[in-house]
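Asks: Have a look at this one before I ask anything.
The values are calculated or read from the model by the stated rules, or taken from the named source; none is laboratory data. Everything quoted here is computed from the prediction, not taken from an experiment. Neighbour counts are summed over all protein chains in view; Cβ atoms, including those assigned to glycine, are modelled from backbone coordinates with ideal geometry.
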Amino acid sequence: MAPSALGHDLDEQKNTLAGVLDGYFDRGAHHLNVNVFGTEKLLDAQAHPEKPEYANFTIRVSGYAVKFISLTKEQQDDVIARTCHKSL
């Protein structure tokens, strides 16, 4: 989910995410994987995979973890289209 979907500033984003997670686990859940980054980060990683910050940039895709830069361009485009949302 995009950080901006969680709030306008870092404190609001942290509180919103904590509330979502608390509500989820209060209902008896045991496990959850959450990606929190913006479309901009995915697009930058796609355009500049050589940047050190992307060497271990791991995301969840259909139940498995994968390094984003190891995906093909088509797979990266699919991840971007399916996982980036502006609001909850």
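Asks: Determine which member of the set 71, 42 is free of Cβ contacts under 8 Å to residues at least 12 places away in the same chain and hydrophobic (A, V, I, L, M, F, W, C).
Replies: Matching residue, one of 71, 42: 71.
Asks: Related question: Filter segment 54-74 down to the residues that are of a type outside the set (Phe, Trp, Tyr), within 15 Å of the chain's Cα centre (by Cα) and part of a helix (DSSP H, G or I) and list them by number.
Replies: 69
Asks: Would you say residue 50 is modelled with pLDDT of 95 or more, among the charged types (D, E, K, R) and surrounded by fewer than 13 Cβ atoms within 10 Å (Cβ to Cβ)?
Replies: yes
Asks: Another question, if that's okay. Kindly indicate which of 83, 58 is in contact with a strand residue (DSSP E or B) (Cβ under 7 Å, 6 or more places away or on another chain) and of a type outside the set (A, V, I, L, M).
Replies: Selected residue: 58, the only one of 83, 58 that is in contact with a strand residue (DSSP E or B) (Cβ under 7 Å, 6 or more places away or on another chain) and of a type outside the set (A, V, I, L, M).
Asks: Considering only residues of segment 2-20 that are touching a Leu at 6+ places or on another chain (Cβ under 7 Å) and closer than 23 Å to residue 68 by Cβ, which is modelled with the lowest pLDDT?
Replies: Checking each candidate, the answer is 5.
Asks: Go through segment 26-43 and count every residue that is in a helix (DSSP H, G or I) and either surrounded by 15 or more Cβ atoms within 10 Å (Cβ to Cβ) or touching a Phe, Trp or Tyr at 6+ places or on another chain (Cβ under 6 Å) (or both).
Replies: Adding up the residues that qualify gives 3.
Asks: What residue, of 13, 76, is surrounded by 10 or more Cβ atoms within 10 Å (Cβ to Cβ), touching a Phe, Trp or Tyr at 6+ places or on another chain (Cβ under 8 Å) and either without any contact (Cβ under 8 Å) to a residue 40 or more places away in the chain or of a type outside the set (A, V, I, L, M) (or both)?
Replies: 76
Asks: Regarding segment 2-25, can at least one residue be identified that is in a helix (DSSP H, G or I) and in contact with a Ser or Thr (Cβ under 6 Å, 6 or more places away or on another chain)?
Replies: yes
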